[in-house]
1. Which one is nearest to residue 53 (Cα to Cα) among residues in the range 112-127 that are modelled with pLDDT of 90 or more and among the hydroxyl-bearing types (Ser, Thr, Tyr)?
2. Quick check on residue 78: is it farther than 18 Å from residue 147 by Cβ, in contact with a Phe, Trp or Tyr (Cβ under 6 Å, 6 or more places away or on another chain) and either of a type outside the set (D, E, K, R) or in a loop (DSSP other than H, G, I, E, B) (or both)?
3. Identify the residue in the range 23-56 that is over 15 Å from the mean Cα position of the chain (by Cα) and part of a loop (DSSP other than H, G, I, E, B) and, among all such residues, is modelled with the lowest pLDDT.
4. Looking only at residues in the range 36-77 that are polar (S, T, N, Q) and touching a residue at least 24 places away in the same chain (Cβ under 8 Å), which one is nearest to residue 22 (Cα to Cα)?
5. Return the residues of the range 25-59 that are within 10 Å of residue 139 (Cα to Cα) and touching a Phe, Trp or Tyr at 6+ places or on another chain (Cβ under 8 Å); say none if nothing qualifies.
6. Looking at the structure I just gave you, is residue 112 out of contact with any helix residue (DSSP H, G or I) (no Cβ under 9 Å at 6 or more places or on another chain), surrounded by fewer than 16 Cβ atoms within 10 Å (Cβ to Cβ) and in a helix (DSSP H, G or I)?
7. Would you confirm, using the coordinates I've provided, whether residue 119 is of a type outside the set (D, E, K, R), closer than 20 Å to residue 43 by Cβ and assigned to a strand (DSSP E or B)?
8. Would you be able to say whether some residue in the range 94-105 is assigned to a helix (DSSP H, G or I), of a type in the set (S, T, N, Q), farther than 25 Å from residue 131 by Cα and under 15 Å from the mean Cα position of the chain (by Cα)?
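The values are calculated or read from the model by the stated rules, or taken from the named source; none is laboratory data. On a predicted model such as this, the values are computed, not experimentally measured, just so you know. Reconstructed Cβ throughout: ideal geometry from the backbone, glycine too, with neighbour counts over all protein chains shown.
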Amino acid sequence: MDTHLRDAITKATVETIAALGGETLVPKEPLDGAGAKSFVADTSVVISVVGNISGAFVLRCSQKYAAELAGSMLGVEVEPGSEEMKDAIGEVQNMIVGAVKRHLSYSADPYKMSIPTTIVGSDYTVHVHASKATSVGLVPFATKDEIIGMEAYVEKR
């Protein structure tokens, strides 16, 4: 993953989570290729992008963290795996990917975004079709109790 994209993902994720009242995230060493594929979580939120940059961004975390973040955002207690959690964590990912867009200077409007898709469970695989030109990487972040990840599969045109 190129450093400009990694920096945009890092800034956008830390800023968005802080703005929502979540705990402070500490960025860790990025994982590329096989390392990114080995990151395991039971909640993933996918947003596809098309434009000067095409591909997808995937937020990976536990249901527990997703529910806590959703609760901070909504101001109420949210149950892990609930519809409220799924909707709220999808909106969090929407905000992060929108913030990544703001931090990129590849073009004035680097991409258009899809609606978020939230996947919850213990036995699933997220597969994003990637060509050899696609940059694949994951930026992990430490919370007080766990690690979450922001994964990117992107190709610049």
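1. 114
2. No.
3. Ranking the qualifying residues of the range 23-56, first place goes to 33.
4. Result: 72.
5. 27, 28, 31
6. Answer is no for this residue.
7. yes
8. Within the range 94-105 (the criterion being assigned to a helix (DSSP H, G or I), of a type in the set (S, T, N, Q), farther than 25 Å from residue 131 by Cα and under 15 Å from the mean Cα position of the chain (by Cα)), the answer is no, since none of the residues qualifies.
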